[in-house]
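Peer 1: Next up is a structure, given as structure tokens.
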Amino acid sequence: MKKTFLIACLTSMLLFISCQEGTNNTGEGYTIETTIQGIPDGVRAFLKVPNDKGVPQPKDTAIVQNGRFTFTGKVDHPELGFIYINGAEGNINLLLENASVKVEAHKDSLVTSKVSGGKHNQEYVDFIANSKVLADKIKNVRQRYAIAVKAKDSIATNSIREEISSLEKQAIQYQEDYVKEHPTSYISVMLVNRLLRNKFTTPAKAKSFYDALPADMKKTRIAEDLFIRSNEMLRAAVGSVAPNFSAPTPNGKTISLQDVKGKVTIIDFWAAWCGPCRRENPNVVKLYEKYHKDGLEIIGVSLDGRPNQQNAREAWIQAIKQDGLTWTQVSNLDGFRDNIARTYNVRSIPATFILNEKGEIVDKNLRGAQLEAKVKELLGK
């Protein structure tokens, strides 16, 4: 699913911007001149930019006159921009930068509009031009796959899946190659963000890429997002020292990770409402009973307290009793908003982190036999 999503993103980049030659603005700000046919005078157009959550928010408005409208302004650093026009389908995506930009908009499909002008938009042009052949192949194979599925042709679907797998690898490799060849490009920052988010690159590689960016590029919002995300993931990456934390136990006593660490320590993120967690608990109980005497310690971190959960504390305590969890349990009863979960970049549960005697994370998210094998290995059994 993640690879399919990444391919879809690559394809969509071809759709929403194809550019012609343009000139840079010699002034300090930006000018976006848009022409569009078939839109009556007086219709309003909107320039939007993404907020901290990536949701487009209004930045400016303009009125269509004689098939034209213009946005002017200034940005401290390049950022994504979106143009919406009342009565027109979709939106125009472009890179907002201090340059003269021209847009030839198409009323029936704004995503196919042509954008020209500006250094960063030109980089977008080059990226799109070089990816067009691959994107066309992706579009074609997806259409063929949909037809085969609809026809219930299992032979064809199996064959097309192999083509899809090959194209998935090519799409990822293309983006990785682009980043290597354009290490200071705004487009590369976008791609590394996407690769990291979909786990096709490591936090260490993403952080290394960020560190090598020019100072002005580091100030862009998308680069700041990359810095934050990569650092969050590095805090709980295999090979790093597990960040210490503390939280209340069911009886209200505050316990920290440092207080319970053993020769091997498991940090177990779970919740009373989490079905997979509860089904895994019997395996963890057996593991603890078998190896606790040899130095295995476990600290359970409950993510109960999610929105709309009633009596979170009661549910947490009851689940501990029902499942026979005799090791240390802590919780801030704050769901996925919990600071411990954020520190360890936990976005789904169950989630486990296995620590060695030095407190280093040596593995994570192991279950059943794999978890026991790792514990035995670390205990020297």
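The values are calculated or read from the model by the stated rules, or taken from the named source; none is laboratory data. Quick caveat: nothing in here was measured; it's all calculated off a predicted structure. Quick reminder, even Gly has a Cβ in these numbers, built from the backbone with ideal geometry, and neighbours come from all protein chains shown. The protein model used for the area step is the full one, side chains on, heavy atoms only, and it has no ligands, DNA or RNA in it. Shrake-Rupley method; radii C 1.70, N 1.55, O 1.52, S 1.80 Å.
Peer 1: Which pairs turn up if I take residues in segment 206-230 that are of a type in the set (Val, Ile, Thr) and look for partners that are in a helix (DSSP H, G or I) with beta carbon separation below 9 Å, at least 6 apart in sequence or on another chain?
Peer 2: 220/186; 220/189; 222/186; 222/189; 222/190; 222/193
Peer 1: Identify all residues within segment 267-284 that are assigned to a helix (DSSP H, G or I), closer than 14 Å to residue 327 by Cβ and open to solvent by less than 20 Å² (accessible area, probe 1.4 Å); write none if there are none.
Peer 2: If the condition is that a residue be assigned to a helix (DSSP H, G or I), closer than 14 Å to residue 327 by Cβ and open to solvent by less than 20 Å² (accessible area, probe 1.4 Å), then 281, 284 are the ones that fit.
Peer 1: Within segment 303-335, can you find the residues that are open to solvent by 70 Å² or more (accessible area, probe 1.4 Å) and within 11 Å of residue 272 (Cβ to Cβ)?
Peer 2: Result: 306, 311, 313, 314, 318, 321, 322.
Peer 1: Looking at (1) without any contact (Cβ under 8 Å) to a residue 60 or more places away in the chain; (2) at positive phi, which is the one condition that is false for residue 368?
Peer 2: Only one criterion in (1) without any contact (Cβ under 8 Å) to a residue 60 or more places away in the chain; (2) at positive phi is unmet by residue 368, namely (1).
Peer 1: What do you reckon, is residue 338 of a type in the set (Asp, Glu), more than 27 Å from residue 377 (Cα to Cα) and at pLDDT below 95?
Peer 2: When the stated conditions are applied, residue 338 passes them.
Peer 1: Let me ask another. For segment 354-381, name all the residues that are in a strand (DSSP E or B), open to solvent by 10 Å² or more (accessible area, probe 1.4 Å) and in contact with a Ser or Thr (Cβ under 9 Å, 6 or more places away or on another chain).
Peer 2: Passing the criteria: 360, 363, 364.
Peer 1: While we're looking at this one, here's another question. Evaluate segment 291-302: report whether one residue or more is among the hydroxyl-bearing types (Ser, Thr, Tyr), out of contact with any Lys or Arg (no Cβ under 7 Å at 6 or more places or on another chain) and surrounded by 20 or more Cβ atoms within 10 Å (Cβ to Cβ).
Peer 2: Yes: segment 291-302 contains one or more residues that are among the hydroxyl-bearing types (Ser, Thr, Tyr), out of contact with any Lys or Arg (no Cβ under 7 Å at 6 or more places or on another chain) and surrounded by 20 or more Cβ atoms within 10 Å (Cβ to Cβ).
Peer 1: Let me ask something else. Applying the selection to segment 235-251, what residues are open to solvent by 50 Å² or more (accessible area, probe 1.4 Å) and among the hydrophobic types (A, V, I, L, M, F, W, C)?
Peer 2: 238, 241
Peer 1: For segment 332-353, which positions are over 19 Å from the mean Cα position of the chain (by Cα) and part of a strand (DSSP E or B)?
Peer 2: 352, 353
Peer 1: Filter the strands (runs of 3 or more DSSP E) completely within segment 30-132 down to those with at least 3 residues that are closer than 26 Å to residue 171 by Cα and open to solvent by less than 70 Å² (accessible area, probe 1.4 Å).
Peer 2: 79-85, 92-96
Peer 1: Any chance you could count how many residues in segment 163-191 are free of Cβ contacts under 8 Å to residues at least 60 places away in the same chain, open to solvent by less than 10 Å² (accessible area, probe 1.4 Å) and of a type in the set (A, V, I, L, M, F, W, C)?
Peer 2: Total satisfying the criteria: 2.
Peer 1: Only one residue in 310, 318, 322, 329 is among the polar types (S, T, N, Q), closer than 20 Å to residue 364 by Cα and over 29 Å from the mean Cα position of the chain (by Cα). Which one?
Peer 2: Residue meeting the stated conditions: 329.
Peer 1: Restricting to segment 201-255, and then to whatever is in a loop (DSSP other than H, G, I, E, B) and basic (Lys, Arg), can you tell me which residue is farthest from residue 302 (Cα to Cα)?
Peer 2: Filtering segment 201-255 for residues that are in a loop (DSSP other than H, G, I, E, B) and basic (Lys, Arg), the one farthest from residue 302 (Cα to Cα) comes out as 219.
Peer 1: A further question follows. Can you name the residue in segment 161-186 that is among the hydroxyl-bearing types (Ser, Thr, Tyr) and in a helix (DSSP H, G or I) and is also nearest to the chain's Cα centre (by Cα) among such residues?
Peer 2: My answer is 186.
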